[in-house]
Amino acid sequence: MSLHPPTVVIENISPLLHGGRYPIKRSVGEDLTVEADIFKDGHDITTAVLKWRKKGEERWHETPMLPIPNGNDRWRGVCSLFANHVYEYTIEAWGDTFRSWQHEFETKFKAGLTELNSETLEGANFIDKSAGLAKAREQAFDAERLHELAESIREGTPAQVYELAHFAELEGLMTAYSDRSESCEYVVNPPQIPSLVEGPAPVAEKRSEEKTLTLPTALASASTARSRYPEVYVDRERALFSQWYEFFPRSAEGRGDQGSTFRDCLPRVDDAKAMGFDVVYFPPIHPVGITARKGRNNAVSCQPGEPGVPYAIGNRHQKCPNGGGHKDVAPELGTLEDFAWLVGEVHSRGMEIAIDFAINCSPDHPYVHEHPEWFYQRPDGTIKYAENPPKKYQDVYPMNFHNPNWQALWEELTSVIEFWCEHGVRIFRVDNPHTKPVSFWEYLIGRVQARFPDAIFLSEAFTRPKMMKALAKVGFTHSYTYFTWRNTKQELTEYFTELTQTDMRDYFRANLWPNTPDILPFFLQQGGRASFLIRATLAATLSPIYGIYSGFELCENAALPNKEEYLDSEKYQWKERDWNAPGNIKAHITRLNKIRRENRALQQYSNLAFHPAENGQVLFYSKTTKALDNVLFIIVSLDPWNVQETFITVPIELFGWIEGDAYQVHDLLTDDRYLWRGARNFVRLDPGRPAHVFRVRRWVGRERDVDYFL
């Protein structure tokens, strides 16, 4: 496309993240809906198309964009993306000479003008030009047909020309071979039009030679200001819809006197599968350090035989073939061969293993001895351990990402992820990414996904909102959220509206966890079994991605006094459990996951809407498909202690219903069915049954005293 002054204005494009600085996110099979303000000078008719392609390919795919009714020059186009790949997308728009002529001729003809020779020849010339475009594309049949139609217009009367101008075949051919010689494309950092005043053209700054370690193109382009297209990273399906179950492999058997191994994990995996989970997530599986090893409940002194904290990684054990660091497994769990066996068993069940990537090094980690410059040094030459006052982590050394040898450090840590990808792992939960440079994560994720595009990264960053957003922008597939502490109706409504209805939906995927090994919220400590039912329902229905840490299904809520931490935390010891203890909520979780699998509305992210409930302790929201063929109403009591009753207002206008229409609400949790009419309806919830997940079915008729619903 030759450089010429812009002929069409294309602005306010969405989605577009920081002017195209970062890619937006979609998953395989999802639509990409693009809107923009598109207009031009004068009265010419404008045509626009949405274009997309895999990055690195030459050929664009395209689909028409249409003006939004009463949208004030706002246009919209939609495409679907079907490969786990980085795509580019853009808008191309131009003044459509044929359709502008078509409109002009129609206006004059209907006004009764009969002297239209010049206009007739003008239209024929436009068609001949399109015939030339068809010939250049080696479409001889179309070129010949366009020439025939051009000749028919030249020879026709005004009435015949008017009919031919709206001939469907001609309109189709002119769309296929439209003159785009003066079209405009949207690009990030568009090239500047050469100045019309005299003077030398600016000389481009000479680029320095490429270093061994380079940041991703997206990062580099921020300073080079070269033109490029907006991008969208299309993840595989599990990035949008999955349910995670976390357990410590060393506690798989539920014994408190000794640890389990990888070979002991299958019963726990099968139990997770039976509940409907498809991702099994392991905290760190690497060798645990000996020096300053912590004991039960974070005791500074470790008693003989206690397993230590798996986040204190590194132990130069003689059984570790790769030095005893992040590329080894703890010998007490087994060998790399045992882990490979477990990965295969999990995959054969249609599930995946996610592992923790914790950039923590015990004093015994090989990095400490081989690269002491990678760590923070005290004035006396010793290495600083980690602190988060008042907490101290004497068993962990944090790494200095800005040390003079930072390039080697970044390279080595990236190779850790690549190592585990080569061993069958594609999902990584990243511990405390907010304490490392954002640019490091952009480098690591960009490089890993270039080799392994199906790699998924979960950001465990409970920190400042802007940092959490920045990590998502630079590549993290999923993000932990503040859901764990959002308990009131106002808190949940405001927070999830922000997550799913603002531009956050284009880059920040909320992975909801009601508990973690580090966090036992006060709501779960105080609310008994009902609080676990409530939080499970919220997590499973507010987002298509959620997870639980083992023990949640058993309603474990023993805490340290006045802290959101587990008493006898599994981080410091083997955990004794009866996996089928009385009072468990495994049936409820199993039902929730079955509902999620069977209802497409719960597999989508930005289709969440909140609706009025007159009781402040009751939350009412819906999840619906665009075609309204899967409509769910979710009603949850936020009170685990008391009965709550309320009237709710159903948005019947969204479904084209009127006040008297009947419809059935089918509670998928209990299989109960109710017949409702109109907008205002009554619900009652109690601690034993604190939620409804209603599938809405429209009444279609009655025959032989039987109501039928669709």
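The values are calculated or read from the model by the stated rules, or taken from the named source; none is laboratory data. All values reported here derive from a predicted model rather than from experimental measurement. Counting neighbours? That spans all protein chains shown, and the Cβs are built from the backbone with ideal geometry, glycine included. Heavy atoms of the whole protein, side chains included, go into the accessibility calculation; ligands, DNA and RNA do not. Shrake-Rupley method; radii C 1.70, N 1.55, O 1.52, S 1.80 Å.
Mean separation of Cα pairs under 8 Å and 6+ residues apart, divided by the residue count of region 575-649: what relative contact order is that in percent?
Values: 85 pairs, mean separation 18.7, N = 75.
That works out to 25 percent.
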**Asked** When averaged across all projection directions, what area in nm² does the alpha-carbon convex hull of the chain cover?
**Response** 42.3 nm²
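Rounded to the nearest angstrom and ordered from largest down, what semi-axes does the equivalent ellipsoid of region 546-690 get from its C-alpha gyration tensor (root of 5λ)? The partial results should precede the final answer.
On the way: eigenvalues 246, 63, 40 Å².
The equivalent ellipsoid of region 546-690 has semi-axes of 35, 18, 14 Å.
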**Item:** Length-normalised contact order for the chain - Cα pairs under 8 Å, 6+ apart - percent
**Value:** 10 percent
**Prompt:** Angle between the Cα long axis of helix 406-422 and the longest principal axis of the chain, 0 to 90 degrees, nearest 10?
**Reply:** 90 degrees
**Asked** Cα atoms only, region 84-167: Rg and Dmax in Å?
**Response** 16.1, 58
**Asked** Expressed as an acute angle from 0 to 90° and rounded to the nearest 10, what is the orientation of the C-alpha long axis of helix 522-542 relative to the principal long axis of the chain?
**Response** 30 degrees
**Message:** What distance in nm lies between label points placed 7 Å from Cα along the C-beta direction at Q501 and E106?
**Reply:** 3.8 nm
**Asked** Gain in length, E494 to R263, computed as 0.36 nm per residue apart minus the alpha-carbon separation, to one decimal in nm?
**Response** 78.7 nm
**Item:** Label point distance in nm, R76-D380, each placed 7 Å from Cα along Cα→Cβ
**Value:** 6.8 nm
**FRET E, pair A140, T670, Förster distance 60 Å, beta-carbon r, rounded to 0.05** = 0.35
**Message:** If you fit an axis through the alpha-carbon atoms of helix 266-275 and take the longest principal axis of the Cα set of the chain, what angle between them do you get, 0 to 90°, nearest 10?
**Reply:** 50 degrees
**Residues whose placed amide H lies under 5 Å from that of V188, excluding near-sequence neighbours** = R228, Y229
**Prompt:** What nm distance separates the two modelled labels at S439 and D629, each placed 7 Å from Cα along Cα→Cβ?
**Reply:** 5.0 nm
**Message:** Binning at 10 angstrom from zero up to the longest distance, how are the C-alpha pair distances of region 1-134 distributed in percent?
**Reply:** 10, 32, 31, 18, 7, 2
**Fill in**
For the E58, A581 Cβ pair and Förster radius 51 Å, calculated FRET efficiency rounded to 0.05 is 0.25
**Message:** With the cut-off at 1.5 for a/c, could you classify region 266-349 from its C-alpha gyration tensor as rounded, prolate or oblate?
**Reply:** oblate
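Roll a 1.4 Å probe over the protein chains and send me the accessible area per residue for the chain in Å².
Details: 32120 Å² over 710 residues.
I get 45 Å² per residue for the chain.
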**Asked** How high is the relative contact order of region 1-150, in percent, with contacts defined as C-alpha pairs under 8 Å that are six or more residues apart?
**Response** 21 percent
**Asked** By how many nm would the segment from E645 to S415 lengthen if fully extended, with 0.36 nm per residue of separation less the alpha-carbon distance?
**Response** 77.2 nm
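By how many nm would the segment from R451 to H4 grow when fully extended, if each residue of separation counts as 0.36 nm and the alpha-carbon distance is taken off? Intermediate values should be presented prior to the final figure.
Working: separation 447, 0.36 × 447 = 160.92 nm, distance 3.84 nm.
So the extension gain works out to 157.1 nm.
Would you mind working out the magnitude of the charge dipole of the chain relative to its Cα centre, with +1 at each Lys and Arg C-beta and -1 at each Asp and Glu C-beta, to the nearest 20 Debye?
On the way: 80 positive and 97 negative charges, 430 e Å.
The dipole magnitude comes to about 2060 debye.
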**Message:** How large a share of the accessible area of the chain, in percent, is made up of carbon and sulfur atoms when the probe is 1.4 Å and the other protein chains stay in place?
**Reply:** 51 percent
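Can you give the FRET efficiency for M467 and E565, using 1/(1 + (r/R0)^6), R0 = 25 Å, r = Cβ-Cβ distance, to the nearest 0.05?
Numbers: r = 23 Å, r/R0 = 0.92.
According to the calculation, E is roughly 0.60.
Rounded to the nearest 5, what % of the DSSP beta bridges within the chain are antiparallel ones? Mind dumping the intermediate values first?
Details: 81 of 110 bridges.
In the chain, DSSP labels about 75 percent of beta bridges as antiparallel.
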**Item:** Hypothetical label at D270: residues of region 311-354 whose amide nitrogen lies under 20 Å (7 Å Cα-Cβ projection)
**Value:** 338-353
